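Heads up, the thing below is written out as structure tokens.
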Amino acid sequence: MAGVELREVSRSFGRHTVMEGLSLAVRDGECFTFLGPSGCGKTVVLRLIAGFERLSGGAISIGARVVSDPARKVHAPPERRNVGVVFQDYAVWPHKTVYENVVYPLVIRKVAKGEAAERAAQTIRDVGLSGLEARLPYQLSGGQQQRVALARALVSNPEVMLLDEPLSNLDANLREEMRFEIKDLQRRTGVTILYVTHDQEVALAISDRMAVLDARGRVRQVGAPDTIYENPGDSFVFSFLGVANFIPVERRDGLDFVRGTAVPLALPPADGGARPAADRLVAGCRPTDIALSPASSGDAERHAAGVLKRAVFLGASIDCRIDAGGTELRVLQDVGAAERAGLVLREGEPVAIRLHDVKWFDAAALAKEGLR
Ligand SMILES: Nc1ncnc2c1ncn2[C@@H]1O[C@H](COP(=O)(O)OP(=O)(O)OP(=O)(O)O)[C@@H](O)[C@H]1O
Ligand SMILES: [Mg+2]
């Protein structure tokens, strides 16, 4: 197996620069995800690694081998890179059976017939499609078609698998199941996986490490999912990893207020020294990190208050929209916990707000990101 290294990789189309100076090292055997918004260059970077696209500058190595380096006129063709690719639109050949789809890469590599048949059958078993060899893609579910695409990418024993949003066309349950299966495949085969997605849930679930890219294709943060989630490097990363509340906070006479309200804000007790000294800051909060209680409980005197504008029942939780001094907050209340504590709120009711966990951001930096 092999790692993948990108050194100062750039790609422009005419005058449009998609990426500039992208450097990353993916380790041998890891599942590494590029997470970024639509159009940030995720597909382009996979096509550069696969060799379908040429670099404008920089270099790419797979294992110890430099496969792209325009300055030295190096460009290994895709079939010499030993990578398996699953594209965004799962692209299985509609007129070939499952078996024909999977065996095809071996046929074009002129692998002996008997060996090709054996490897295709084994790979079909590996992805759980045994018994469906003779079916055509239209006779398969979306998830099964996805497995055909995976099997076709795996059959030639690649050192690296490049997966471009392979789960985007699946329903939520299948997507979850396939997430486990891809992870399982990586553990069983030791193959290095580069996975591209704009779905933060998939990225958090599947990655050993991930890179968060912004709309201009710049790397904002690289690390393990839990590290990035807990310690987002900036407000863009924070907002891209889930629903984000940005609460403008101002300090007056040593107390913090939600800007535009006269009621002090209840900060998490553990926040201690984490709050930077600036007078104007933004508190980043996940919907599950805000607790609500009826303002009549006495808390309203001490804690920032808002009004419950909307409460949408989602089954296990209630999705609440709070107006706090003109700032709209999304709060996810656990139904069970709220019922047990007698805290079921009604629309229009004034509420007290407590913040359990806060990430502090600089107000000016947030404005620059266009987040507020
Ligand atoms: N062959 C091409 N010629 C010109 N521009 C291109 C070409 N391929 C990609 N682009 C541009 O490069 C940018 C990045 O495209 P890319 O397909 O990599 O985005 P993406 O991150 O995969 O988005 P999505 O999440 O929507 O799939 C886009 O602005 C796109 O228009
Ligand atoms: Mg894409």
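Bear in mind that the values in this text are calculations on the coordinates, not laboratory data. Predicted model, so just to flag it, every value in this text is computed and none were measured. Virtual Cβ from ideal backbone geometry, glycine too; neighbours counted across all protein chains shown.
Laid out as a table, the results:
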read-out: Ellipticity estimate at 222 nm from DSSP helix runs (n ≥ 4, -39,500 (n - 2.57)) divided over the chain, nearest 500; value: -7500 deg cm²/dmol
read-out: Burial order of peptide ranges 193-201, 150-158 (average beta-carbon count within 10 Å, highest first); value: 150-158, 193-201
read-out: Alpha-carbon spread of region 243-369, three principal axes, descending order, Å; value: 39, 31, 27
read-out: Stokes-Einstein diffusion coefficient of region 1-119, Kirkwood radius over Cα pairs, 25 °C, 0.890 mPa s, in µm²/s; value: 153
read-out: Relative pair counts by distance (%), Cα atoms of region 306-367, 10 Å bins; value: 20, 48, 24, 8, 0
read-out: Cα Rg over Rh - region 100-256, Kirkwood; value: 1.14
read-out: From the C-alpha gyration tensor of region 4-234, square roots of 5λ in Å; value: 29, 22, 15
read-out: Mean Cα-pair separation over length for the chain, i.e. relative contact order, pairs under 8 Å, 6 or more apart, %; value: 15
read-out: Distant alpha-carbon pairs in region 165-244 (separation over 17 angstrom), percent; value: 47
